[in-house]
Amino acid sequence: MPGVSSLTAEPDRLVSTGKERFVQRLFNALAPTYDAFNALASLGMHQSWRRRTLDLLSVKPGETLADFCCGTGDFLELAAPRVGPHGRLIGIDFSDEMLVRARKRLVGKVQVANLELVLGNVEDSKLPPASVDVITCGYALRNVDSLERTFAEMFRVLKPGGRVGLLELSRPRQALLRWGYWLYLEQLLPLVSRPLVRDRGALDYLSSSVKGFREPEDVLRLLGDAGFRNVRRETVFLGVCSIYLGEV
Ligand SMILES: C[S@@+](CC[C@H](N)C(=O)[O-])C[C@H]1O[C@@H](n2cnc3c(N)ncnc32)[C@H](O)[C@@H]1O
C-alpha cells in the first residue's frame, strides 16, 4: 500500500492571477468528465502519447518522478510500473477536484513505495532543490500562467542529470492538416462532446489556447533559457502533439 500525503493548502490561496483563477475553476468543473473527454478528444490515442513520452525519458526503477499539473493522474499511473516498488511518485495540481480523481485512481492500486499527491502550484512547487530525477507534464503548458516560471521551477527541483518530458498539443504545420484540425476542434468536437462538456466556454478555451500557444521553437528556446541542455522536440500524430525534452 503506497504512502499518500498531501499539503493542506487552501486551493484559493494557490492562485494569484486572473488566468490561474480561471484555469483552476475550469478544471474543478471539468473534473468529473475530464478522463472521458480526453479519450474522446484524442480519439483514444492520449495514453499512447504519454507512453511515448515515458519511453523517451527512459524512466528507471527506483527513480523519483514528479508529474507537474498531474490532473487525474494518468501519467503517474503509467509511470508507476516503470519506477517500480522502490520508486517515488509526486503529483502536483492546484485543482482539488482533479486531485480527488487522481487519488481514487492511484491509492491502493499502484505498487510504489512513495506516492504523494500535492495540492499546489507548479510555479512554486515547494519541492526541495535537486530532489527529482524526472519531470513529466501533460497538456498543461498552455494552462500555466508563466512558462518561464514553470520551467525555472522544473530546473530547480531536478537533480543534475535529471530529465524533463512535456507533452503538449501543437498546430500541424501543413496547411490542409491545420485546416482539418481547426474544423475538428471548433466544429466537430463541440458537437460530439456535448454530453460530456456542457460549458461551450470550456471548449472555446481549448481551441483558443491551442491557437494562441507559443511556437515550438519558442518553447525550446525558453527551456534553454531556463538552463536545460539537449532540448529537442518529437512530434506525434501529424504534429497535433509535441513532446518537448530536456536535461539538467
Ligand atoms: C489539461 S489538464 C492536464 C491534466 C493531466 N496532466 C493530463 O495529462 O491529463 C491541465 C491541468 O493543469 C492544472 N494546472 C494548470 N496550471 C497549474 C498550476 N500553475 N499549478 C498546478 N496545476 C495547474 C489544472 O488544474 C489541470 O488539472
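Read-outs: derived from the displayed coordinates by stated rules, not from any lab. None of the values given here were measured: they were computed from a predicted structure. Cβ sites come from the backbone with ideal geometry, for glycine too, and all protein chains shown count toward neighbours.
Rundown of residues vs (1) within 16 Å of the chain's Cα centre (by Cα); (2) closer than 26 Å to residue 175 by Cα, yes/no style:
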| position | (1), (2) |
| --- | --- |
| 208 | no, yes |
| 226 | no, no |
| 229 | no, no |
| 243 | yes, yes |
Please find, among 44, 71, the residue that is surrounded by fewer than 22 Cβ atoms within 10 Å (Cβ to Cβ) and in a loop (DSSP other than H, G, I, E, B). 44
Residues being under 10 Å from residue 142 (Cα atoms) and crowded, with 17+ Cβ neighbours inside 10 Å - total across region 206-223: 3
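Inspect all residues belonging to region 176-184 and state whether any of them is more than 15 Å from the ligand (Cβ to nearest atom), touching a residue at least 60 places away in the same chain (Cβ under 8 Å) and of a type in the set (A, V, I, L, M, F, W, C).
Applying the first criterion (more than 15 Å from the ligand (Cβ to nearest atom)) to region 176-184 yields 176-184.
Next, from what is left, pick out any that are touching a residue at least 60 places away in the same chain (Cβ under 8 Å): 177.
So of that shortlist, the ones also of a type in the set (A, V, I, L, M, F, W, C) come out as 177.
Within region 176-184 (the criterion being more than 15 Å from the ligand (Cβ to nearest atom), touching a residue at least 60 places away in the same chain (Cβ under 8 Å) and of a type in the set (A, V, I, L, M, F, W, C)), the answer is yes, since at least one residue qualifies.
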Being more than 12 Å from the ligand (Cβ to nearest atom), within 19 Å of residue 102 (Cα to Cα) and out of contact with any Leu (no Cβ under 7 Å at 6 or more places or on another chain) is the filter here; which residues of region 50-86 pass it? 64, 81, 84, 85
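Go through region 118-157 and give me each residue that's assigned to a loop (DSSP other than H, G, I, E, B) and of a type in the set (Gly, Ala, Ser). Let's see the steps before the verdict.
First pass over region 118-157, keeping only residues assigned to a loop (DSSP other than H, G, I, E, B): 120-121, 125-131, 139-146.
Within region 118-157, 120, 125, 130, 131, 140, 146 meet the criteria.
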Test for residue 220: is it under 16 Å from the mean Cα position of the chain (by Cα) and closer than 27 Å to residue 65 by Cα: no
Residues that are surrounded by 20 or more Cβ atoms within 10 Å (Cβ to Cβ), in a helix (DSSP H, G or I) and either β-branched (Val, Ile, Thr) or in contact with a Pro (Cβ under 8 Å, 6 or more places away or on another chain) (or both), drawn from region 98-116: 106
